[in-house]
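First up is the structure itself, then whatever we jot down about it.
A short reminder: the numbers here are calculations on the coordinates, not readings from a lab. Predicted model only: the values in this text are computed from it and were never measured. A quick note on method: Cβ atoms are made from the backbone with ideal geometry, for glycine too, and the neighbour counts reach across all protein chains shown.
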Amino acid sequence: MQDYQALLNEAKAVLQRNTITVTVDGKPYERVIPSRDYYVHQWLWDSAGIAMGLVHSNEEAAFNELVSLVAGQWSNGLIPHIIYNPDESRYYPPADQWQTTGFTRNGIKTSGITDPPLLAIAAEYIWNHASDEQKKRDFIRKVLPSLMAYHDHLKRYRDPEDCGLLTIVHPWESGTDDSPRWDSILSRIDLNMIPTNIKADVDRNRKDIRYHDSQERPTEDDYYRYIYLIELFKDLSWDYTKIIRESPFAVKDILFNSIWERANEALAGLLLTYGNQEEANKYQQRAEETRKALTNTWDEAYNQYCDIDVTQGNHRPIAVPTNAMFMPLYAGAVTDQQLDILLHRLSQADEFCTAYPVPSTAINYRYFDKDRYWRGPTWPITNFFIIEGLKRCRTRHKNVDQRAKLLAARTIQMIRDNGFWEYFDPIDDGTKANEKGMGFNSFSWTAAILIQLLNMTK
Ligand code: DGY
């Protein structure tokens, strides 16, 4: 651990540098943005990940991060994936594009979709790691009603079939925007039928590629479709009963649902600490139904868990080899046989065992792209879920604990070799180790996950 003190200090400095003050509900809050270069607002799953790192250095900041996040909750319970900072314009799409102010309180501006629901997991992590008993109790008391309302909202609107798996309606909700998992569904949205004013808006106003190499970002066609979906949902007045039925993108995503499973367990655990057995049982039961449903997404022919395309009455498995296939580990949903197969795939040099594992897409897949966002690069956040998932199975297989430790060590090394980048080139192609970082630098998530990993391995 001593060797890592300098790295740990650097990680804390990244979080400090990315701290800004915003006024929410008339109160000033300190909040850590993902990156000063582009991601200048608050994203749900970034914020949850950041809060988990923050609790190890500044408990007050960790509490504030999540309290200011739930301030953006809609009156129907949705917690949107972006809570906008009123003073910033360095990101596209801008706040006003969503037309959601009627749904929020006190004029807070937000997006209209959500993110992988990491929030309850972060709250539980903070509960387990904060040392100030009184303050952490106050914090949980403050956020618990919002967490319950958010979970009830998701269950109600995103699982109309009551099958245990939630439906996402936009690639951004998956957190893995341009993953090849979504190629076949998105290709059904014909670019010719996307209105020209939407394309013109993207062409004129898209900002990420002004600040960053376009080879490492989603394509123009992806962006046309992303914005087209937003315009469609706006036309449906953000009514999720209609959106679920009409969206040309509707998926039971295994990554999103694995987090959903774990989040319900976390929420149940928090409710138990407050002696609320009845409510705790409700969320525990939801976790169980999701776990079972995830186990059943295993596809024998492809030897992997598959997302399910449920767009407009479809029910088709999506068998694309990405690191999402390992996420049911995190949900405790794997059978012994499935575990053996996953461990095998994780160790294959032509699939997921690369110089910096675990690539977001198997490297032998025809659409693997080592540079482009979620189509190949390795991300610390998904490694974190895989590590935690392996730990969850540690009593079931003799090598699993060792594998978790090894992946944690290699993730730490990846960050130490290259710096606090958003994502990393996964393969050894002769490029110098210190040139493997990609996306935006000084990235808060990466710093926060490093802090968690160092804490885990100390
Ligand atoms: C982006 O803008 O890159 C995000 O992933 C959308 O939330």
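Data table
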{"quantity": "Taking region 1-105 and dividing mean pair separation by its residue count, relative contact order in percent (alpha carbons under 8 Å, at least six apart)", "calculated": "23 percent"}
{"quantity": "Partner lysines for Lys142 [C-alpha distance under 20 Å; skip if fewer than 8 residues away on the same chain]", "calculated": "Lys27"}
{"quantity": "Candidate lysines - alpha carbon under 24 Å from Lys436, same-chain residues fewer than 8 apart omitted", "calculated": "Lys12, Lys207, Lys370, Lys405"}
{"quantity": "J(HN,Hα) series, region 85-101, from Karplus relation 6.51 cos²θ - 1.76 cosθ + 1.60, nearest Hz, glycine and proline x", "calculated": "8, x, 8, 10, 10, 8, 9, 10, x, x, 3, 5, 4, 7, 6, 10, 4"}
{"quantity": "Net charge of neighbours whose Cβ lies under 12 Å from the Cβ of Arg291, counting Lys and Arg as +1 and Asp and Glu as -1", "calculated": "0"}
{"quantity": "Percent breakdown of C-alpha pair distances by 5 Å bin, ordered from the shortest bin, for region 356-407", "calculated": "4, 23, 23, 17, 16, 12, 5, 1"}
{"quantity": "Scattering curve values for region 150-282, log₁₀ I(q)/I(0), Debye with Cα scatterers, q = 0.13, 0.16, 0.22 Å⁻¹", "calculated": "-0.67, -0.90, -1.34"}
{"quantity": "Pairwise centroid distance, computed over Cα atoms, of region 160-230 with region 379-458, Å", "calculated": "27 Å"}
{"quantity": "Thr295 versus Asp417: modelled label distance in nm, points set 7 Å from Cα along the beta carbon direction", "calculated": "3.8 nm"}
{"quantity": "Sites Asp87 and Ala13 - FRET efficiency at Förster radius 22 Å, r taken between beta-carbons, to 0.05", "calculated": "0.40"}
{"quantity": "Principal axes of region 1-98: Cα extent on each, largest first, Å", "calculated": "47, 25, 22"}
{"quantity": "Average silhouette area of region 308-451, convex hull of alpha-carbon atoms, in square nanometres", "calculated": "9.5 nm²"}
{"quantity": "Where GluC sites (Glu not before Pro) in DSSP loops with at most 16 other Cβ within 10 Å are excluded, longest remaining stretch of the chain", "calculated": "301-458"}
{"quantity": "Value in Å of the Kirkwood radius, where region 380-458 supplies the Cα pairs that are averaged", "calculated": "13.1 Å"}
{"quantity": "Label point at Asp340 placed 7 Å out along Cα→Cβ; residues across region 392-428 whose backbone nitrogen lies under 13 Å", "calculated": "397-398"}
{"quantity": "20 Å-binned pair-distance histogram of the chain (Cα, whole percent)", "calculated": "26, 63, 11"}
{"quantity": "For region 126-204: Kirkwood Rh in Å [reciprocal of mean 1/r, alpha carbons]", "calculated": "16.8 Å"}
{"quantity": "For Thr23, residues with placed amide H under 5 Å, excluding near neighbours", "calculated": "Tyr29"}
{"quantity": "Ascending count of other beta-carbon atoms within 10 Å, so fewest first, for Val334, Val202", "calculated": "Val202, Val334"}
{"quantity": "Cross-link pairs beyond the 25 Å C-alpha cut-off, checked among Lys136/Lys398; Lys252/Lys458; Lys109/Lys234", "calculated": "Lys136/Lys398; Lys252/Lys458"}
{"quantity": "Those trypsin sites (Lys or Arg not before Pro) in region 50-123 that DSSP places in a loop and that have at most 13 other beta carbons within 10 Å", "calculated": "Arg105"}
{"quantity": "Rounded if a/c under 1.5, otherwise prolate or oblate - region 31-167, Cα gyration tensor axes", "calculated": "oblate"}
{"quantity": "Where labels lie 7 Å past Cα in the beta-carbon direction, separation of Asn434 and Thr273 in nm", "calculated": "4.2 nm"}
{"quantity": "Label-point separation, Lys135 to His212 (7 Å along Cα→Cβ), nm", "calculated": "3.2 nm"}
{"quantity": "Extension reserve of the Asn205-Lys27 stretch, reckoned as 0.36 nm per residue once the Cα distance is removed", "calculated": "60.9 nm"}
{"quantity": "Set of region 420-458 residues, backbone N closer than 16 Å to the point 7 Å along the Cα-Cβ line of Asp401", "calculated": "456-458"}
